[in-house]
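Structure record follows, encoded as structure tokens.
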Amino acid sequence: GRGRHARPGGIGARGSRRNACGGRVPVKRRQNAQRAARRGPEKGEKPLTAEIIAVGTELLLGDILNTNAQFLSQQLAQLGVTVHFQSVVGDNPARLESVVRQARGRSDLLVFSGGLGPTEDDLTKQTVARAFGDTLRFDEAELEKIRAFFTAWGRTMPENNKKQAMVPTHGRKIP
């Protein structure tokens, strides 16, 4: 059977449910996206392509299994997004930036997994922002979501988690 794995909140769920940051995920939007995925792209329209980039030396060393890539590929396929590439890169900013530059030239959508935590070696956001010529800024609303996540678990947010509220200056949030 399928083991227990962390799943991004709301993906593949029925009904409205909370995502990882406590926001509500409406079913209607997901159902419409799934319906559109079954129809495929409009006539003459190119299907959206994606690349999943998993970051973490522990993945390269085989210390942990990359179940996130499998899950993300399945979910993207349900939405009609074709995954053409999956890359795994260690916690090395130069190699990650190289992978991002290559991926952005061949895919419409880049999906990242790993390297987004609060520790010093989690450099994914900074490196990706640099590869796109962007910087990071502090987002108070995101910090409140992170605090709420810890509160929901009955814990106090450690100070180093503030780093997770840094977002790309020119990026857009996905609702």
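Would it be correct to say that Asp139 is of a type in the set (D, E, K, R) and over 16 Å from Val55 (Cα atoms)?
It is true that Asp139 is of a type in the set (D, E, K, R) and over 16 Å from Val55 (Cα atoms).
Of all residues in the stretch 151-163, none are modelled with pLDDT under 95 and on the phi > 0 side of the Ramachandran plot. Would you check if there is a residue in the stretch 28-44 being at pLDDT below 95, closer than 28 Å to Ala129 by Cβ and loosely packed, with under 15 Cβ neighbours inside 10 Å? Yes, the conditions are met somewhere in the stretch 28-44. Cβ-Cβ distances below 6 Å connect the following pairs, each with a first residue in the stretch 81-107 that is under 19 Å from Gln126 (Cα atoms), a second residue that is surrounded by 15 or more Cβ atoms within 10 Å (Cβ to Cβ) and of a type outside the set (A, V, I, L, M, F, W, C), and a separation of six or more residues or different chains: Gly90/Thr57; Asp91/Thr57; Pro93/Thr127; Leu96/Thr127; Glu97/Thr127; Val99/Ser87; Ala103/Glu51.
The set of residues in the stretch 67-88 being under 15 Å from Gly115 (Cα atoms) and in contact with a Ser or Thr (Cβ under 8 Å, 6 or more places away or on another chain) consists of Asn68, Ala69.
The values are calculated or read from the model by the stated rules, or taken from the named source; none is laboratory data. Predicted model only: the values in this text are computed from it and were never measured. Neighbour counts are summed over all protein chains in view; Cβ atoms, including those assigned to glycine, are modelled from backbone coordinates with ideal geometry.
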